[in-house]
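S.K.: One structure, as structure tokens, below. Some questions next.
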Amino acid sequence: MAEARQITTIQAAAILISTIIGVGVLPLPLFAVHAAESGAPFITFISALVAMASLVLVSVLGMRFPSQTIGQYSETIIGKWPGRIGSIMVIAFFAILTSLAAREFGEVVITAVLPRTPLEVTVTVMLLLAAISTRNNITTFAYIHFFYFPLLLGPALLITVLALKNADTINLLPIWGNGNIGIKGTIDGILTIASLFQSAFVLAIVIPSMRRPNRALRASIWGMVISGGLYVTIVLATVSVFGSEEIKNLLWPTLELAKATSLPANVLERLDAAFLAVWVTAVFTTLFSTYFFTVTELGNLFHLKDHKMLSFFLLPIVFLVAMLPQNILQMYEVIRNIGQMGLIITIGYPAFLLIIAWVRGKRGDRT
Amino acid sequence: MPLFRRRRSLKKKAPPSNAAPPDRRLEEVRHTDMSGRLEEVVRVINGLLGDNDDFVMRELRIFGRHPAVIFYYSNMVDQAGINSDVLKALMYPPPQFREEAAPRGRLKEVILCDALHHTEVKLESDLASLVEGVLRGQAVIAVDGIDEAYVVNTRSILKRSIDTPATEQVIRGPREGFIELLGTNLSLIRYRLQTCDLRIKSMELGRRTQSKVAICYLEGVVSPDLVKEVNRRLSQVDIDAVLDSGYLEQYIEDNHYSPFPQVQYTERPDKVVANLLEGRVAIMVDGSPLALLVPTVFNQFYQTVEDYTERFLLMSAIRLARLVALVFSLIFPSLYVSIISFNPELIPTEFAVAVAGGRAGVPFPAIVEVLVMEVSMEVLREATIRLPQQVGGALSIVGVLVVGQAAVAAGFASPITVVIIALTTIGSFATPAYNAALALRLLRFPLVIMAGIFGLYGVMIGLILIANHLLSLKSFGVPYLSPLVPGNFQGMKDLIARAPLWWMWRRPSFLFTGDKHRVDESTIDYVQKPSNDVLDPLKFKEDRKER
């Protein structure tokens, strides 16, 4: 284990940021506006706080068991078989997350840039890309995230800055929303947005490879502040440019924002295709994280020495799940439902584990 | 000895064939001491080497009385030296023994200490070593009645003179390049590094070539584990021939299937020395003018010697230009293809119209056009290298001007395509390291194909695959993209820009060097202090008045 502990705190934060920023950014303003109309940025902020709970729980658990992944310490905490059932649930959830993200981005690609390409092709390409890259160890996993995360922040910030030209602050008022949407709708929206953050659960397998596991909490706070800040910024920019009523008619408001902006001096007339191209990296890092989690945890569950074999073995299953939703509307329906149910797994399950661990007084070996 | 063992097992399994394994007859006499009987030694050595017409076996009488024989290959030795320092010295007894002959018992010592006028003489008794000495170009003198023979290093191989390095020319910096002879190359390194910490260890690799391989490093600077690992990897190499350091490179690199080079080569001694000082290990092979440097990270491939000898601000800008050229040579054609065929709305309308106008007569899709032009450019480039120098210039003019112009005029390619191809090609020439440029040059073909299928999306997929591969590569355990990933801010001073030398006062941290400091703190302080104006005109005002 000594040589495997290579991941620094900055790298761990980078993993979280690039994992969280993904395809979910594209429909994000739509979800937020559905929850609170002009209060969308505020709601996004609240959701980030909710998502923070999951990360804090995972990091506290991880710091309690600094040399084990979630699958291993769940077996110590609640016993062998219940722990395994819990792990299987988490693994299955992450496999579904992978397939839904691949499907969602596949839809975006065929709608926006490659209208004559079959959906199956774009989904397969993304999944293959993730699968090929999962045949690496966790150090390379960290390197890859660390390399890409500036590339994710750059274009997103560039587009929001350029969009400010067309922004109108009146669209953002009142900050708390109009109150047209009932409390149920708002909570529903908060949970949906919070579910966009939940791939950050991958921290649970990163902690045992961190050079200083006790800094996991710091890494997760940094990761959350930067990615949550980016989410809020994007919602802010989109709402201030389009206004909440307009956004309700747009499927991917962030993409529309890119379409509406152009670089100064007309170097590039429209930015949507370029933005989407750069966004491939963002989606890739998310898929890579969730799929890596699925594959390595499954490998741990079966006590395999090497998870490489699994990465292609699981691919057809993930692909089939991705193809299950009939159309784009049903897909978003599924994404909302699965996402909200997922919160039980990403917040409820670690909370449950932590409480049991407290009660039973279990803790891992401190290294 | 693994070599020996394998041969034995071969003998058991393989049916007897005429092709004897290398040096089988030599192995038969290994560890057989010469008995002191001259006829025996002559018989063995003559049996092994006597078939060759350039082999010389000359009989003589030492001090006029003791019979002896000298063996050597006539074309590999310094004949004049043998005549004056060996033959003459042995035939006439030294002055102190003119009066009375040297006692027979002390003859061995007298020859070595009083007679032979040569610095490099050693005594050998193993017959196989004697034969190997002759093969290496040494002269072997066997004397009747003495149980050891004298091996005199009279080797003299013709060599070319030290020249400016052909592939790594600089405007500012030393003009010397390595030549083929290992000894000369080592001397070039040694005179630049006059410290007792410089270690040169040598081994012989290649069953038939017995090439001398030297491992150079700076004790106390280099990580000892690295030296151990280099030694280990090299000693695993048991091959027929090591004709160039390139052969070794392919056996010691980490990932054999990667298009990216994981070992840097150079023909500049100053570059080798700079790398030794950073804590790397250099591997030199006799017969090859190229030294290998390990471990290698990607940023070395776009750095040059001049970056450090010229002013840092300007060289940083030039390094940036080189980096742009590197990126150009990889992605420019694929970006062009994807924008033209999938997203023409990205570029400004006027330009899009101009491009469309240029492409109006071209019957092929952009990808076919670009691929055909790229392939012909590669052919042209290869042809220019192979052609005799006198014709080369003419051909490149024909290729670039005539073919390019004619292709456009014939409606085969659009003018903008020709511009793109030209920029790409020039970009790939701007990369200092040929092997890295080659990798990126060839990777642009799959990228163009991906661009033709999926547009910008495909280009990104291709780039992600390449980047992930680079991120997973390692050279002797050092991540290939260090110091960018894993982040090391000290190292980033030499990554894209080149910081002033005294800012980079540490050696690269990813090499885990022993001695970490390159620049003493007092020097750093001194550089930052305001300079002393010795010849300030104000000071000399008084003087002038007096005059």
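S.K.: Go through the range B:499-540 and report how many residues are free of Cβ contacts under 8 Å to residues at least 24 places away in the same chain and surrounded by 10 or more Cβ atoms within 10 Å (Cβ to Cβ).
M.R.: 15
S.K.: Has the range B:226-233 got any residue that is in contact with a strand residue (DSSP E or B) (Cβ under 6 Å, 6 or more places away or on another chain), within 30 Å of B:ARG444 (Cβ to Cβ) and not hydroxyl-bearing (Ser, Thr, Tyr)?
M.R.: no
S.K.: Ok, one more. Got at least one residue in the range B:207-214 being aliphatic (A, V, I, L, M) and closer than 16 Å to B:LEU276 by Cα? Working first, answer last.
M.R.: Step one: filter the range B:207-214 for residues aliphatic (A, V, I, L, M), giving B:213-214.
Of the ones still in play, those that are also closer than 16 Å to B:LEU276 by Cα are B:214.
Yes, the conditions are met somewhere in the range B:207-214.
S.K.: In the range B:305-340, which residue that is surrounded by 21 or more Cβ atoms within 10 Å (Cβ to Cβ) and of a type in the set (Val, Ile, Thr) is farthest from B:GLY279 (Cα to Cα)?
M.R.: B:ILE340
S.K.: What residue, of B:ARG190, B:ARG155, is surrounded by 17 or more Cβ atoms within 10 Å (Cβ to Cβ) and not hydroxyl-bearing (Ser, Thr, Tyr)? Spell out how you get there, then give the answer.
M.R.: Numbers: B:ARG190 fails: surrounded by 17 or more Cβ atoms within 10 Å (Cβ to Cβ).
Just a single option satisfies the conditions, and that option is B:ARG155.
S.K.: Out of everything in the range A:255-281 that is in contact (Cβ under 8 Å) with a residue 12 or more places away in the chain and among the polar types (S, T, N, Q), what residue ends up being farthest from the other protein chains (Cβ to nearest Cβ)?
M.R.: Per the criteria, the residue is A:THR261.
S.K.: Right, something else. For the range B:130-149, how many residues are buried (at least 17 other Cβ atoms within 10 Å of the Cβ), outside any loop (DSSP other than H, G, I, E, B) and either of a type outside the set (A, V, I, L, M) or on the phi > 0 side of the Ramachandran plot (or both)?
M.R.: Number satisfying all stated conditions: 2.
S.K.: Name the residues in the range A:170-195 that are modelled with pLDDT of 85 or more and farther than 14 Å from A:ALA32 by Cβ, would you?
M.R.: A:ILE170, A:LYS184
S.K.: I'm checking my understanding of the structure. Among residues of the range B:451-461 that are over 12 Å from B:TYR336 (Cα atoms) and of a type in the set (A, V, I, L, M), which one is farthest from the other protein chains (Cβ to nearest Cβ)? Walk me through it before giving the result.
M.R.: At the first step, the residues of the range B:451-461 found to be over 12 Å from B:TYR336 (Cα atoms) are B:453-454, B:457-458, B:460-461.
Imposing the further condition that a residue be of a type in the set (A, V, I, L, M) reduces the set to B:453, B:460-461.
Values: B:ILE453: 9, B:MET460: 4, B:ILE461: 6 Å.
Step by step, filter the range B:451-461, then rank; the result is B:ILE453.
S.K.: Within the range B:115-128, identify whether any single residue is farther than 22 Å from B:ILE157 by Cβ, in a strand (DSSP E or B) and not acidic (Asp, Glu), and answer yes or no.
M.R.: Yes, the range B:115-128 contains at least one residue that is farther than 22 Å from B:ILE157 by Cβ, in a strand (DSSP E or B) and not acidic (Asp, Glu).
S.K.: Scan the range B:439-452 and tell me whether some residue there is at positive phi, in contact (Cβ under 8 Å) with a residue 12 or more places away in the chain and in contact with a Ser or Thr (Cβ under 7 Å, 6 or more places away or on another chain). I'd like the intermediate steps shown before the answer.
M.R.: Just the residues of the range B:439-452 that are at positive phi, to begin with: none.
So far as the range B:439-452 goes, no, none of its residues is at positive phi, in contact (Cβ under 8 Å) with a residue 12 or more places away in the chain and in contact with a Ser or Thr (Cβ under 7 Å, 6 or more places away or on another chain).
S.K.: Quick one: in the range B:486-498, of everything that is under 27 Å from the mean Cα position of the chain (by Cα) and assigned to a loop (DSSP other than H, G, I, E, B), which residue is surrounded by the most Cβ atoms within 10 Å (Cβ to Cβ)?
M.R.: By that ranking, first place goes to B:ARG498.
S.K.: Another question, if that's okay. From B:GLY455, B:GLY404, grab the single residue that is on the phi > 0 side of the Ramachandran plot and crowded, with 20+ Cβ neighbours inside 10 Å. Step through it out loud before you land on a result.
M.R.: Working: B:GLY404 fails: on the phi > 0 side of the Ramachandran plot.
Only one candidate passes the filter, namely B:GLY455.
S.K.: Given the residues B:VAL152, B:VAL170, which is the only one that is at pLDDT below 90 and either on the phi < 0 side of the Ramachandran plot or β-branched (Val, Ile, Thr) (or both)?
M.R.: Working: B:VAL152 fails: at pLDDT below 90.
That would be B:VAL170, the only listed residue that is at pLDDT below 90 and either on the phi < 0 side of the Ramachandran plot or β-branched (Val, Ile, Thr) (or both).
S.K.: Give the residues of the range B:464-476 that are at the interface with another protein chain (Cβ under 10 Å from one of its Cβ atoms) and part of a loop (DSSP other than H, G, I, E, B), sorted by residue number. Walk me through it before giving the result.
M.R.: Within the range B:464-476, the first condition is being at the interface with another protein chain (Cβ under 10 Å from one of its Cβ atoms), and the residues that meet it are B:464-465, B:467-474.
Of everything in the range B:464-476, just one residue is at the interface with another protein chain (Cβ under 10 Å from one of its Cβ atoms) and part of a loop (DSSP other than H, G, I, E, B), namely B:LEU473.
S.K.: Here is a list: B:GLU168, B:GLU180. Which entry is part of a loop (DSSP other than H, G, I, E, B), closer than 17 Å to B:TYR265 by Cα and in contact with a strand residue (DSSP E or B) (Cβ under 9 Å, 6 or more places away or on another chain)?
M.R.: Values: B:GLU180 fails: in contact with a strand residue (DSSP E or B) (Cβ under 9 Å, 6 or more places away or on another chain).
Result: B:GLU168 is the single residue among B:GLU168, B:GLU180 that is part of a loop (DSSP other than H, G, I, E, B), closer than 17 Å to B:TYR265 by Cα and in contact with a strand residue (DSSP E or B) (Cβ under 9 Å, 6 or more places away or on another chain).
S.K.: Identify, from the list B:VAL368, B:VAL353, the residue that is surrounded by fewer than 19 Cβ atoms within 10 Å (Cβ to Cβ) and within 14 Å of another protein chain (Cβ to nearest Cβ). Explain how you work it out, then say what you get.
M.R.: Numbers: B:VAL368 fails: within 14 Å of another protein chain (Cβ to nearest Cβ).
Sole residue among the options that is surrounded by fewer than 19 Cβ atoms within 10 Å (Cβ to Cβ) and within 14 Å of another protein chain (Cβ to nearest Cβ): B:VAL353.
S.K.: Can you report the number of residues in the range A:135-154 which are buried (at least 17 other Cβ atoms within 10 Å of the Cβ) and more than 10 Å from chain B (Cβ to nearest Cβ)?
M.R.: 4
S.K.: Being closer than 27 Å to B:ARG30 by Cα and surrounded by fewer than 16 Cβ atoms within 10 Å (Cβ to Cβ) narrows it down to one of B:GLU59, B:GLU124, so name that one.
M.R.: Numbers: B:GLU124 fails: surrounded by fewer than 16 Cβ atoms within 10 Å (Cβ to Cβ).
Sole residue among the options that is closer than 27 Å to B:ARG30 by Cα and surrounded by fewer than 16 Cβ atoms within 10 Å (Cβ to Cβ): B:GLU59.
S.K.: Okay, next question. Which condition number does A:TYR291 fail, the rest of (1) within 14 Å of chain B (Cβ to nearest Cβ); (2) farther than 30 Å from B:TYR336 by Cβ; (3) in contact with a Lys or Arg (Cβ under 9 Å, 6 or more places away or on another chain) being met?
M.R.: (3)
S.K.: Let me ask something else. Among the numbered criteria (1) more than 21 Å from A:ALA112 (Cα to Cα); (2) within 31 Å of the chain's Cα centre (by Cα), which one does B:LEU463 miss?
M.R.: (1)
S.K.: Going by the structure shown, is A:GLU120 within 14 Å of another protein chain (Cβ to nearest Cβ) and surrounded by fewer than 19 Cβ atoms within 10 Å (Cβ to Cβ)?
M.R.: Numbers: within 14 Å of another protein chain (Cβ to nearest Cβ): yes; surrounded by fewer than 19 Cβ atoms within 10 Å (Cβ to Cβ): yes.
Yes: the conditions hold for A:GLU120.
S.K.: Being free of Cβ contacts under 8 Å to residues at least 40 places away in the same chain, out of contact with any strand residue (DSSP E or B) (no Cβ under 7 Å at 6 or more places or on another chain) and outside the structural domain of B:PHE512 (by TED's automatic domain parsing) narrows it down to one of B:TYR302, B:TYR251, B:TYR336, so name that one.
M.R.: On the way: B:TYR302 fails: free of Cβ contacts under 8 Å to residues at least 40 places away in the same chain; B:TYR336 fails: free of Cβ contacts under 8 Å to residues at least 40 places away in the same chain.
The match here is B:TYR251.
S.K.: Report, by residue number, each residue of the range A:239-278 that is of a type in the set (S, T, N, Q), surrounded by 18 or more Cβ atoms within 10 Å (Cβ to Cβ) and touching an Asp or Glu at 6+ places or on another chain (Cβ under 7 Å). Can you show your working first?
M.R.: Quick first cut of the range A:239-278, residues of a type in the set (S, T, N, Q) only: A:240, A:244, A:249, A:254, A:261-262, A:266.
Within this subset, residues satisfying the condition of being surrounded by 18 or more Cβ atoms within 10 Å (Cβ to Cβ) are A:240, A:244, A:254, A:261.
Answer for the range A:239-278, where residues must be of a type in the set (S, T, N, Q), surrounded by 18 or more Cβ atoms within 10 Å (Cβ to Cβ) and touching an Asp or Glu at 6+ places or on another chain (Cβ under 7 Å): A:SER240, A:SER244.
S.K.: Is it the case that some residue within the range A:89-107 is over 17 Å from A:LEU324 (Cα atoms), touching a residue at least 24 places away in the same chain (Cβ under 8 Å), within 12 Å of chain B (Cβ to nearest Cβ) and β-branched (Val, Ile, Thr)?
M.R.: So far as the range A:89-107 goes, no, none of its residues is over 17 Å from A:LEU324 (Cα atoms), touching a residue at least 24 places away in the same chain (Cβ under 8 Å), within 12 Å of chain B (Cβ to nearest Cβ) and β-branched (Val, Ile, Thr).
S.K.: From the set of residues in the range B:339-350 that are touching a residue at least 12 places away in the same chain (Cβ under 8 Å) and either hydrophobic (A, V, I, L, M, F, W, C) or more than 14 Å from every other protein chain (Cβ to nearest Cβ) (or both), which is farthest from B:ALA409 (Cα to Cα)?
M.R.: Applying the first criterion (touching a residue at least 12 places away in the same chain (Cβ under 8 Å)) to the range B:339-350 yields B:339-344.
Cutting the leftovers down to either hydrophobic (A, V, I, L, M, F, W, C) or more than 14 Å from every other protein chain (Cβ to nearest Cβ) (or both) gives us B:339-340, B:342.
Details: B:ILE339: 24, B:ILE340: 20, B:PHE342: 26 Å.
Residue satisfying both the conditions and the ranking: B:PHE342.
The values are calculated or read from the model by the stated rules, or taken from the named source; none is laboratory data. Keep in mind that what you see is a predicted model, and the values were worked out from it rather than measured. Because the Cβ atoms are built from the backbone with ideal geometry, glycine has one as well, and the counts that use them run over all protein chains shown.
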